[in-house]
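Each remark here refers to the structure printed beneath this line.
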Amino acid sequence: MTENVKNRVIRIIAEQALIAPGDVAMDQSLEDLSIDSMALVEAIFAIEEEFDIQVPFNANEPDKSEFDISTVATIVAAVEMLVAEQKA
Amino acid sequence: MHRVVITGAGTINPLGHCVAATFEAMREGRCGIGPLDIRDVDRLSIKIGGQVRDYDPHERFNRQQQALYDRFTQFTMIAAKEAIEQSGLEFTGALAAESGVVFGTSGGGLTTQDENYRAVYEEGKNRVHPFIVPKLMNNAAASHVSMTWNLKGPSFTVATACASSNHAMGQAFWLVRNGAARAMVTGGSESMLCFGGVKAWEGLRVMSRDACRPFSANRNGMVQGEGAGVFVFEEYEHARARGANILAEVVGFSMTSDAADIVMPSQQGAARAMAGALRDAGIDAGQVEYINAHGTGTAANDKTECAAVANVFGAHADKVMISSTKSMHGHLIGGTGAVELLAVVMALKDGVVAPTIGYQEPDPECALDVVPNEAREAKVTYALSNAFAFGGLNAVLALKKM
């Protein structure tokens with residue numbers, strides 16, 4: 001693997017937050033990064049395209065989703081899990 | 001200023017192929033949403049919708065008509081025939097010149113586009129049928145109604161996404177009220193339940209995978225439907241002079257724009273539209289007994305709409321009934337306001353308020369009388385019908401019992 005999952009997810013989040021990847025901290029929430037619901041849906045689409053995975057996410061009930069979006073770290077962990085699962 | 005009344009209604013939608021069947025389904029709180037039966041449904045993650053069932057275009061239209069009528073036009077023609085026949089109007093001479101058609105649609109001939117893009121891109125064909133353009137154009141339905149029933153006055157199509165039908169009926173109302181037309185055939189139609197249509201909606205991640213449950217705390221999104229609703233709006237004195245059967249009176253209309261966000265609704269924009277319709281009708285909020293909600297079943301719409309109602313109606317908000325029939329027929333996008341106006345006509349004419357079905361858990365952010373799960377008998381004199389579109393374009397109609 002040329003680049004790990006964490007860095008690739010951070011790059012996608014940074015693009016939506018309009019900041020440099022180096023300025024994204026793992027404990028930041030989407031709100032901290034000023035990512036609104038539309039930017040989130042775009043980020044999830046970009047993640048799906050980047051990793052060729054399906055992300056279970058419904059904008060009507062973001063809290064109920066198995067895909068935990070509370071911080072950058074939880075998003076990275078969720079993507080790592082989906083990548084491992086969907087490769088299997 | 002002329003008074004405007006409704007003298008004909010027609011429909012085909014997931015609840016029935018005519019007005020009587022639709023009223024019956026609304027009274028019984030029947031659900032017309034089910035598994036989608038369309039090509040490549042296995043490649044969709046959203047697999048439910050409010051489809052028009054048991055429908056065979058070959059039984060309704062000949063080969064030449066089918067070559068020109070996209071599914072949204074077919075639905076319009078069926079609904080228009082029922083509405084115009086009920087009105088008893090024959091459009092000849094001066095009346096023909098003073099009568100027109102204004103319809104709402106969002107996707108127009110989307111099914112035709114989907115099929116033909118598939119033919120040229122997926123199947124690699126280098127030739128499509130010669131009538132694809134006149135079949136897919138958004139004004140095809142309005143034009144075919146004008147041609148078939150000889151309507152020679154003002155005719156056009158309005159596209160404002162989910163508010164298209166309400167905007168269209170508002171224009172029809174104003175044309176008749178201002179004296180620019182004697183009668184208008186109006187309403188809307190939509191048929192987006194094709195692979196490309198549903199796939200595009202999936203992307204927004206606002207669609208439910210199981211049901212449309214407006215105002216319920218466990219709602220999880222909208223469900224798309226298809227179909228048409230058509231009405232004949234007629235100048236009151238003209239209708240009275242010929243002894244027409246009057247279904248209801250259209251008394252007010254208002255349009256506002258949120259000027260804020262391309263998808264998120266605005267409480268203020270919705271409230272201004274409702275208040276505007278009341279003002280245009282010359283009535284107080286306290287006189288309204290029923291509101292047919294936009295009620296899409298998304299987290300965002302329903303709480304915003306309820307807050308807007310509370311804002312406009314004040315203490316009376318607790319007394320007014322508000323229901324979303326999208327729980328039964330789904331969201332017909334550009335045709336939705338027209339099919340929903342049927343619920344308003346039923347409330348005014350028959351004294352039966354259609355329910356919000358699928359209601360399971362109260363939501364403190366939607367703490368209004370949403371007529372949960374069962375239709376209710378009630379005397380309704382004034383009612384509103386709400387439509388709030390993506391793009392922040394709002395249109396609200398006010399109707400009165402005759």
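Taken over the stretch B:282-339, the residue count meeting the criterion of being touching a residue at least 40 places away in the same chain (Cβ under 8 Å) and either more than 14 Å from chain A (Cβ to nearest Cβ) or of a type in the set (Lys, Arg) (or both) is 40. From the list B:Ala244, B:Ala200, pick out the single residue that is surrounded by fewer than 16 Cβ atoms within 10 Å (Cβ to Cβ) and among the small types (Gly, Ala, Ser). None of the others qualify; the one that does is B:Ala200.
I need the full set of residues from the stretch B:188-211 which are within 14 Å of chain A (Cβ to nearest Cβ) and either outside any loop (DSSP other than H, G, I, E, B) or among the hydroxyl-bearing types (Ser, Thr, Tyr) (or both), in order please.
Kept after step one, since they are within 14 Å of chain A (Cβ to nearest Cβ), are these residues of the stretch B:188-211: B:199-211.
Scanning the stretch B:188-211 gives B:Lys199, B:Ala200, B:Trp201, B:Glu202, B:Gly203, B:Leu204, B:Met207, B:Ser208.
Regarding A:Glu31, is this residue within 30 Å of B:Phe215 (Cβ to Cβ), exposed (fewer than 15 other Cβ atoms within 10 Å of the Cβ) and more than 11 Å from chain B (Cβ to nearest Cβ)? Spelling it out, A:Glu31 is indeed within 30 Å of B:Phe215 (Cβ to Cβ), exposed (fewer than 15 other Cβ atoms within 10 Å of the Cβ) and more than 11 Å from chain B (Cβ to nearest Cβ).
Which residue out of B:Val185, B:Val176 is part of a strand (DSSP E or B), crowded, with 22+ Cβ neighbours inside 10 Å and at pLDDT 95 or above? Talk me through it step by step, then tell me what you get.
Numbers: B:Val176 fails: part of a strand (DSSP E or B).
When all the criteria are applied, what remains is B:Val185.
Quick grid of which residues meet (1) within 23 Å of B:Met402 (Cα to Cα); (2) of a type outside the set (Val, Ile, Thr):
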residue	(1), (2)
B:Glu249	yes, yes
B:Phe253	yes, yes
B:Leu278	yes, yes
B:Ile291	yes, no
B:Thr296	no, no
B:Ala317	no, yes
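Where helices (runs of 4 or more DSSP H) fall wholly inside the stretch B:4-68, the ranges with 1 or more residues that are within 23 Å of B:Met169 (Cα to Cα) and either assigned by TED's automatic domain parsing to the domain that holds B:Met207 or of a type in the set (Gly, Ala, Ser) (or both) are B:19-28.
For the condition under 12 Å from the mean Cα position of the chain (by Cα) and touching a residue at least 24 places away in the same chain (Cβ under 8 Å), A:Ala39 does not qualify.
Counting only residues that are assigned to a loop (DSSP other than H, G, I, E, B) and either acidic (Asp, Glu) or within 11 Å of chain A (Cβ to nearest Cβ) (or both), which one in the stretch B:213-246 is farthest from B:Gly32 (Cα to Cα)? Only one residue fits best here, namely B:Ala217. The set of residues in the stretch B:78-132 that are among the hydroxyl-bearing types (Ser, Thr, Tyr) and in a helix (DSSP H, G or I) comprises B:Ser87, B:Thr111, B:Thr112, B:Tyr117, B:Tyr121.
Identify the residue in the stretch B:247-265 that is part of a loop (DSSP other than H, G, I, E, B) and crowded, with 22+ Cβ neighbours inside 10 Å and, among all such residues, is nearest to the other protein chains (Cβ to nearest Cβ).
At the first step, the residues of the stretch B:247-265 found to be part of a loop (DSSP other than H, G, I, E, B) are B:247, B:258-265.
Of the ones still in play, those that are also crowded, with 22+ Cβ neighbours inside 10 Å are B:247, B:265.
Working: B:Leu247: 36, B:Pro265: 12 Å.
My answer is B:Pro265.
Being within 22 Å of the chain's Cα centre (by Cα) and in contact (Cβ under 8 Å) with a residue 60 or more places away in the chain holds for only one residue in B:Leu204, B:Leu175, and it is B:Leu175.
Scanning the stretch B:156-170 for residues that are part of a helix (DSSP H, G or I) and surrounded by fewer than 24 Cβ atoms within 10 Å (Cβ to Cβ) returns a single hit, B:Ala161. A count restricted to the stretch A:76-88 and to residues that are out of contact with any helix residue (DSSP H, G or I) (no Cβ under 6 Å at 6 or more places or on another chain) and either among the hydrophobic types (A, V, I, L, M, F, W, C) or closer than 15 Å to B:Leu204 by Cβ (or both) stands at 6.
The values are calculated or read from the model by the stated rules, or taken from the named source; none is laboratory data. As the structure is a computational prediction, the values presented were derived from the model and not from experiment. Virtual Cβ from ideal backbone geometry, glycine too; neighbours counted across all protein chains shown.
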